[in-house]
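**Student:** Below is the structure I would like to discuss, written out as structure tokens.
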Amino acid sequence: MPVRGVNVKIQDLTHRYSARSPLTFEKVNLEARHGEALAIIGRSGCGKSTLLHIMAGLLRPTSGSVMLDNVLVEKPSPRWVMMFQAPHLFPWMRVSQNVGIGLHFAGWDDTKKRDRVAEAIDLVHLQEFAANNVQDLSGGQQQRVALARSLVMEPELLLLDEPFSALDAFTRAALQHDVRSITKRLGFNLVIVTHDIDEAVLMADRALIMAGTPGKIYDELEIDLPNPRERQDPAVQAMRARLMEAFNKAAGAPPPGAADGNDSEAKLKEDGSPQRWAASANLSVGIEPKVK
């Protein structure tokens, strides 16, 4: 499954939901190299999810642009695929059917589609469940199906909007490890929005800290750690402390030690901004909805 990354360039990106709404964020600029994994963290209301939705082509910015290899992002595409907190699977379909839905709508030949679907299911370790109905799977297994459905499209960019937040700790840790491993093996870009400091350290090559209203990127931290990354590793814990300190500084929180670090992390909840068009599972495979 040959996949390559993409150069991501965001220039002066500004967004507000309506003319009377306050700015969600203002003049956000960032660039990511081919194959880089980015984590975006920040307090509630800074616009993290909104930024991700614009990168996916699900929302239009008020001004500014998102360019992927000099292609302007204006709508969903199989080249850039998004996973949401909920897997948005078709409950009446089998695992293999859910994984291959994007290829079906793209008009793939049945033989080629079957081979590609099998390869994607193998990547997420669900071979023995390929014929199962997705309603019979656990929450973690359903998120693996959603991941396989994204990977089957051979995207250049995978966007994750807190996809593991509702899972138990063991399942979440396994998926964090597997997604980073797959990302590096296949070479595509990853952007994850998360409220989990540990998740950012375990999955990203660089963490971006958003803060303020309207939101801006106040700081960034290179996460130069070897793979695989283990939560209990002293180097991971040291990087976690650095990232928490940078977050507290950007957010104007008390310095480390002045308050419980867990309390700071509890405030790192997503902004809850509307996921426009997200009700359709087709969006997670880059299928543009038809407007009548």
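**Student:** Which residue, of Gly100, Gly64, Gly57, is out of contact with any Gly (no Cβ under 7 Å at 6 or more places or on another chain) and open to solvent by 10 Å² or more (accessible area, probe 1.4 Å)?
**Tutor:** Values: Gly100 fails: open to solvent by 10 Å² or more (accessible area, probe 1.4 Å); Gly57 fails: open to solvent by 10 Å² or more (accessible area, probe 1.4 Å).
Going through Gly100, Gly64, Gly57 in turn, the sole match is Gly64.
**Student:** Among the residues of segment 158-179, write down those that are open to solvent by 40 Å² or more (accessible area, probe 1.4 Å) and aromatic (Phe, Trp, Tyr).
**Tutor:** Result: Phe170, single match.
**Student:** Now a separate question. I'm trying to understand the selection: among the residues of segment 180-236, which are part of a helix (DSSP H, G or I) and open to solvent by less than 40 Å² (accessible area, probe 1.4 Å)?
**Tutor:** Matches in segment 180-236: Arg180, Ile182, Thr183, Leu186, Ile197, Asp198, Glu199, Ala200, Val201, Leu202, Met203, Val236.
**Student:** Filter segment 125-146 for residues that are under 18 Å from Val179 (Cβ atoms) and not in a helix (DSSP H, G or I); which is most open to solvent (accessible area, probe 1.4 Å)?
**Tutor:** Result: His125.
**Student:** Which residues, counting only those in segment 96-124, are closer than 22 Å to Asn189 by Cα and either assigned to a helix (DSSP H, G or I) or out of contact with any helix residue (DSSP H, G or I) (no Cβ under 7 Å at 6 or more places or on another chain) (or both)?
**Tutor:** Val99, Gly102, Leu103, Arg116, Val117, Glu119, Ala120, Ile121, Asp122, Leu123
**Student:** Quick one: would you say Asp233 is out of contact with any strand residue (DSSP E or B) (no Cβ under 9 Å at 6 or more places or on another chain) and within 23 Å of Val81 (Cα to Cα)?
**Tutor:** no
**Student:** Additional query: I'd like the full set of residues that are of a type in the set (D, E, K, R), closer than 11 Å to Pro214 by Cα and either buried (at least 18 other Cβ atoms within 10 Å of the Cβ) or modelled with pLDDT of 95 or more (or both), limited to segment 17-40.
**Tutor:** Kept after step one, since they are of a type in the set (D, E, K, R), are these residues of segment 17-40: 20, 26-27, 31, 33, 36.
Okay, now just the ones that are also closer than 11 Å to Pro214 by Cα, so 26-27.
Glu26 - this is the single residue of segment 17-40 that is of a type in the set (D, E, K, R), closer than 11 Å to Pro214 by Cα and either buried (at least 18 other Cβ atoms within 10 Å of the Cβ) or modelled with pLDDT of 95 or more (or both).
**Student:** Please identify the pairs in which a residue from segment 169-189 that is over 16 Å from Asp122 (Cα atoms) has its Cβ atom under 6 Å from the Cβ atom of a residue that is open to solvent by 60 Å² or more (accessible area, probe 1.4 Å) and of a type in the set (Lys, Arg), counting only partners at least 6 apart or on another chain.
**Tutor:** Filtered contacts from segment 169-189: Gly187/Arg4.
**Student:** Further question: In segment 75-117, which residues are under 30 Å from Arg60 (Cβ atoms) and of a type in the set (Lys, Arg)?
**Tutor:** Lys75, Arg79
The values are calculated or read from the model by the stated rules, or taken from the named source; none is laboratory data. Worth saying up front: this structure is predicted, and the values here are computed from it rather than measured. Cβ: placed from backbone, ideal geometry, glycine included. Neighbour counts: every protein chain shown. Side chains are part of the model used for accessible areas, which takes the heavy atoms of the whole protein and leaves out ligands, DNA and RNA. Shrake-Rupley method; radii C 1.70, N 1.55, O 1.52, S 1.80 Å.
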